């Protein structure tokens with residue numbers, strides 16, 4: 001059943017380059033949030049024409065961009081947006097099969113009611129799940145016109161949507177969806193001479209007026225709207241307001257909303273492979289760097305009286321591992337698919353990872369974390385004491 005987008009939350013982006021529609025939400029980009037620690041280069045490595053580059057504290061886009069949206073499809077945070085992929089509202093009711101076609105295919109050659117996108121490679125796994133959930137009993141088919149190998153947005157023998165499609169099929173199988181209901185590719189070749197050299201501009205496919213579209217491209221800080229479809233019966237928790245303000249991962253929300261709706265329809269539970277686990281060892285010194293760098297708020301520190309507690313919400317975790325990288329004691333580990341064991345209980349609420357008491361140092365009066373055999377002296381003062389003792393022994397020998 002189709003869903004309305006009137007109540008869908010809007011996310012505003014800025015264009016990366018004048019004259020091109022690809023846009024960026026700076027606060028959601030892992031590299032811009034933590035340039036010293038983020039290792040994500042998904043957009044750069046996926047671009048078929050190497051038009052996007054991750055440089056120090058910046059994302060750069062060249063005029064070589066072909067507007068395929070493949071970089072946006074692989075962004076784990078949904079920090080990149082390309083017009084033409086808010087597609088769930090295009091799904092029509094009472095259609096046995098819903099086809100997805102690319103904008104290069106002449107409109108008259110697409111099936112009636114087809115969902116048309118700039119490039120099928122620009123459909124992320126989350127957007128495919130969004131379509132599947134919106135399609136109800138209809139089966140989703142991704143049409144392969146046999147053009148991808150020679151297309152500037154493809155350039156390979158494999159279909160550009162193959163990776164996302166395989167991920168979606170695996171998730172839906174784990175959720176209990178029958179094989180005949182899974183989204184699938186369908187080869188329906190067209191003559192090569194019909195393929196245009198470039199992906200058509202959005203004015204030919206969207207409701208945005210021609211004047212509005214070109215005004216958007218000429219603006220220095222143009223706005224592109226992205227939406228997470230409000231699929232009935234599913235909910236994603238959001239948390240804001242900490243040291244580095246977390247932002248929701250729109251791609252994570254699509255994955256959770258889509259699989260939750262499928263599961264609620266009676267096909268099974270949400271796939272456990274979507275959920276990571278975080279373990280913290282006894283080496284933790286409560287620096288709280290892990291929570292400060294977490295982009296989505298999956299890790300957060302709460303104060304309870306004279307204690308601080310590190311809480312973890314697996315629903316929000318995207319598995320970026322920045323928390324693991326930044327920990328100076330290497331006390332934290334992110335375990336992919338960490339709740340896959342038969343005895344593992346998938347938490348439906350945030351869980352406590354650590355709990356530390358806080359005391360006031362007897363020497364410097366600063367508040368410090370109590371750990372192990374406490375002397376009433378903070379680690380910094382204890383270190384100064386040890387240095388002074390070591391210097392005394394080097395000058396005068398050990399005390400008798």
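A few notes on this one:
- Spin-label pair residue 282-residue 365: with each label point 7 Å from Cα along the Cα-Cβ axis, the two points sit 3.5 nm from one another.
- Amide N of the stretch 280-297 lying under 19 Å from the label point, which is placed 7 angstrom from the Cα of residue 352 along Cα→Cβ: 280-288, 291
- Length added when fully stretched, residue 139-residue 166, from 0.36 nm per residue minus Cα-Cα: 8.2 nm
- Centroid-to-centroid separation of the stretch 136-203 and the stretch 272-291 [C-alpha atoms, Å]: 37 Å
- Stretched out straight at 0.36 nm per residue, the stretch from residue 186 to residue 302 would grow longer than its current Cα-Cα span by 36.7 nm.
- Pairwise FRET efficiency - residue 152 versus residue 380, Cβ, R0 = 56 Å, nearest 0.05: 0.45
- Rounded to the nearest 0.05, the FRET efficiency derived from the C-beta distance between residue 12 and residue 343 at R0 = 56 Å is 0.80.
- Ordering 309, 322 by the number of other Cβ atoms within 10 Å of each residue's own Cβ, fewest first, gives 309, 322.
- Length available on full extension from residue 42 to residue 198: 0.36 nm per residue minus the Cα-Cα distance, which gives 53.8 nm.
- Pairs of Cα atoms nearer than 8 Å and 6+ residues apart set the relative contact order; for the stretch 276-361 it is 40 percent.
- Here the calculated FRET efficiency for residue 112 and residue 64, from their Cβ-Cβ distance with R0 = 35 Å, stands at 0.50, rounded to the nearest 0.05.
- Overall Cα dimensions of the stretch 275-356 - principal axes, largest extent first, Å: 36, 27, 24
Quick note: the coordinates plus some simple rules give every number you see, no bench work behind them. Here the structure is a predicted model, which means the values were calculated and not measured. We place every Cβ from the backbone using ideal geometry, glycine too, and count neighbours over all the protein chains shown.
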